[in-house]
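The values are calculated or read from the model by the stated rules, or taken from the named source; none is laboratory data. Predicted model, so just to flag it, every value in this text is computed and none were measured. Virtual Cβ from ideal backbone geometry, glycine too; neighbours counted across all protein chains shown.
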Amino acid sequence: MYLTPEQITSANKAGVESVLALATSQFAAFERLSTLNFNAAKAAFEEGLGRTKSLLDAKDPQEYFNLSSTASQPALEKLIAYSRSVYEVAAQTQGEVAKYMEARADEFNKNLVAVLDKVSKSAPAGSDVAIAAVRSALAAATTAYGSFNKAAKQATEMAEANFTAATTSAKTKRHAATA
């Protein structure tokens, strides 16, 4: 069983295109995260300037104290929104990487099965046991990968549920404290 130069070139091209697609996806996620961070820093800076000006314009200590204490209330909501946005970018990126890895694993399995089929046709007598062992190992690896992937998805769902619960709890406590 020999590969032709065209088959090698085609496989290399497909591999490079696949890696470039993943790199493009990762760069887009980095860009979204950078934009999110820049906008959050800019907003915090502008709000800080405005808050400082308000505090400097305070007429008496009570007004100063009131302005100072009310400043932290919207900050918590903004922090929660920022955290949620970062989590969404991370979850989306993780999903894209998982899809990429699944596709590569499926492609690898198909190619390995094709190679095993070709080898088994031209293999010497008695090699059936070795080929069956490789096929069995491949099936076990595929099952293990499927179980791992399922567990990872469950962990992601649990983390998202915990994040949502923490966000709700923080908002509830903030509203209770301001009431």
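For the range 24-58, enumerate the residues that are within 30 Å of Glu107 (Cβ to Cβ), charged (D, E, K, R) and surrounded by 12 or more Cβ atoms within 10 Å (Cβ to Cβ). Break it down stepwise before answering.
Within the range 24-58, the subset within 30 Å of Glu107 (Cβ to Cβ) is 24-33.
Adding the requirement that they be charged (D, E, K, R) leaves 31-32.
Result: Arg32, single match.
Test Ala21 against the criterion of being part of a helix (DSSP H, G or I), closer than 30 Å to Ala105 by Cα, aliphatic (A, V, I, L, M) and touching a residue at least 40 places away in the same chain (Cβ under 8 Å), and give yes or no. Spell out how you get there, then give the answer.
Details: part of a helix (DSSP H, G or I): yes; closer than 30 Å to Ala105 by Cα: yes; aliphatic (A, V, I, L, M): yes; touching a residue at least 40 places away in the same chain (Cβ under 8 Å): yes.
Yes.
List, please: which pairs have Cβ atoms under 6 Å, are six or more places apart or on different chains, and start with a residue in the range 45-62 that is farther than 16 Å from Pro74 by Cα and part of a loop (DSSP other than H, G, I, E, B) and end with one that is at pLDDT below 85 and among the aromatic types (Phe, Trp, Tyr)?
Ala58/Tyr64
Name the residue, out of Glu96, Glu77, Glu88, Glu107, that is modelled with pLDDT of 80 or more, in contact with a helix residue (DSSP H, G or I) (Cβ under 6 Å, 6 or more places away or on another chain), assigned to a helix (DSSP H, G or I) and surrounded by 12 or more Cβ atoms within 10 Å (Cβ to Cβ). Working first, answer last.
Working: Glu77 fails: in contact with a helix residue (DSSP H, G or I) (Cβ under 6 Å, 6 or more places away or on another chain); Glu88 fails: in contact with a helix residue (DSSP H, G or I) (Cβ under 6 Å, 6 or more places away or on another chain); Glu107 fails: in contact with a helix residue (DSSP H, G or I) (Cβ under 6 Å, 6 or more places away or on another chain).
Only one candidate qualifies: Glu96.
What single numbered condition from (1) touching a Leu at 6+ places or on another chain (Cβ under 8 Å); (2) surrounded by fewer than 11 Cβ atoms within 10 Å (Cβ to Cβ) fails to hold for Pro61?
Every condition holds for Pro61 apart from (1).
Six or more apart or on different chains, Cβ atoms under 7 Å: show the pairs whose first residue is in the range 123-144 and farther than 16 Å from Asn111 by Cα and whose second is modelled with pLDDT under 80.
Qualifying pairs under 7 Å: Ala123/Ile131.
List every residue pair whose Cβ atoms sit under 6 Å apart, with the two residues 6 or more apart in sequence or on different chains, where the first one lies in the range 81-101 and is of a type in the set (Ser, Thr, Tyr) and the second, anywhere, is modelled with pLDDT of 90 or more.
Between residues of the range 81-101 that are of a type in the set (Ser, Thr, Tyr) and residues that are modelled with pLDDT of 90 or more, the close pairs are Tyr82/Ala40; Ser85/Leu36; Thr93/Ala29.
Say we look at the range 110-130 and pick out the residues that are within 28 Å of Ser147 (Cβ to Cβ) and of a type in the set (D, E, K, R); which of these is surrounded by the most Cβ atoms within 10 Å (Cβ to Cβ)?
Asp117
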